[in-house]
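Report on the following structure.
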Amino acid sequence: MAVEILAFNKWSARDLVVTDPGLKDYMVLTPRIVPKSSGRYAGSRFHKSKIFIVERLINRLMVPGHRGKKHSKSSGRCTGKHAHASGLVKAAFEKIQQKLQKNPVEVFVQAVQNAAPREETITIEYGGARYPRAVECSPQRRIDLVLRYMTQGSYQRGFNTRKSAVDCLADEIIGAYNLSQQSAAISKKLELERQADASR
């Protein structure tokens, strides 16, 4: 009998299903006890698609990037410590389980699907003038964007406040799970799709 591997050795991912057909092949739900691949897939194309989705969140927390060129709110406060980011995600998942009484991995997977933008805009130049044009997001970029917006929203919410990083991340994931516009990822998704709709 095979032993089931649990995420963080606590939560099962056996019955989780990705309902969005566009994201199904790009979200890995095979858990790891220690979600750290150490760059094993860095040399192959689309390597991120082979990594457990929770590990991708941890990696994004270590390098969230800047938002509006305000590096002090994100990049400048990152330690780059995988153990620190991993502990933060684990504590946030425990907070989610405490608040919702549900499997936090399931909540996170649904939150990613809810907040992944389907369209965005690009700028094209025609006759010396620039125009916005609506384009569809590729599946891998959809996941990249939602993870970026979640982590940057968490950093933004916790900057210069007494609220802990664990609470900020947990609130961001719960907000995306509930389709709340209090979530930075959901509000950014709606903004992108509204701009794309106006650029048709």
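Give all pairs with beta carbons closer than 7 Å in which a residue from the range 34-51 that is at pLDDT below 75 meets a residue that is assigned to a loop (DSSP other than H, G, I, E, B); count only pairs at least 6 apart in sequence or on separate chains.
That search, which allows pairs on different chains as well, returns Tyr41/Ile51.
I'm trying to understand the selection: among the residues of the range 38-67, which are touching a strand residue (DSSP E or B) at 6+ places or on another chain (Cβ under 8 Å) and of a type outside the set (A, V, I, L, M)?
Within the range 38-67, Ser49, Lys50, Phe52 qualify.
Kindly evaluate Glu191 against the criterion of being more than 23 Å from Val63 (Cβ to Cβ) and either surrounded by fewer than 23 Cβ atoms within 10 Å (Cβ to Cβ) or not hydrophobic (A, V, I, L, M, F, W, C) (or both). Reasoning before the result, please.
Details: more than 23 Å from Val63 (Cβ to Cβ): yes; either surrounded by fewer than 23 Cβ atoms within 10 Å (Cβ to Cβ) or not hydrophobic (A, V, I, L, M, F, W, C) (or both): yes.
Criteria met by Glu191.
Being modelled with pLDDT of 90 or more and among the small types (Gly, Ala, Ser) is the filter; apply it to the range 165-183 and report the residue that is farthest from Val135 (Cα to Cα).
Ranking the candidates gives Ala170 first.
Are any residues in the range 143-171 within 10 Å of the chain's Cα centre (by Cα) and among the charged types (D, E, K, R), and if so, which ones?
Within the range 143-171, Asp144, Arg148 qualify.
Considering only residues that are part of a helix (DSSP H, G or I), touching a helix residue (DSSP H, G or I) at 6+ places or on another chain (Cβ under 7 Å) and within 21 Å of Phe8 (Cβ to Cβ), which ones fall in the range 19-65?
Passing the criteria: Lys48, Ile53, Val54, Arg56, Leu57, Ile58, Arg60, Leu61, Met62.
Show me the helices (runs of 4 or more DSSP H) found entirely inside the range 93-179 where at least 3 residues are in contact with a strand residue (DSSP E or B) (Cβ under 7 Å, 6 or more places away or on another chain), over 17 Å from Glu191 (Cα atoms) and touching a residue at least 40 places away in the same chain (Cβ under 8 Å).
Values: elements: 104-115, 139-158, 165-177.
Fully inside the range 93-179 and qualifying: nothing.
Every residue in the range 79-101 that is of a type in the set (Asp, Glu) and buried (at least 21 other Cβ atoms within 10 Å of the Cβ), please. Full working, then the answer.
Going residue by residue through the range 79-101, those that are of a type in the set (Asp, Glu) are 94.
None; the set is empty.
Out of (1) of a type in the set (D, E, K, R); (2) modelled with pLDDT under 85; (3) out of contact with any Phe, Trp or Tyr (no Cβ under 9 Å at 6 or more places or on another chain), the odd one out for Glu55 is which?
Unmet condition: (2).
Here is a yes/no grid of residues against (1) crowded, with 21+ Cβ neighbours inside 10 Å; (2) modelled with pLDDT of 90 or more:
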{"site": "Phe108", "(1), (2)": "yes, yes"}
{"site": "Gln113", "(1), (2)": "no, yes"}
{"site": "Arg118", "(1), (2)": "no, yes"}
{"site": "Glu125", "(1), (2)": "no, no"}
{"site": "Pro132", "(1), (2)": "no, no"}
{"site": "Ile143", "(1), (2)": "yes, yes"}
{"site": "Arg157", "(1), (2)": "no, no"}
{"site": "Lys163", "(1), (2)": "no, no"}
{"site": "Arg200", "(1), (2)": "no, no"}
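The values are calculated or read from the model by the stated rules, or taken from the named source; none is laboratory data. Keep in mind that what you see is a predicted model, and the values were worked out from it rather than measured. Virtual Cβ from ideal backbone geometry, glycine too; neighbours counted across all protein chains shown.
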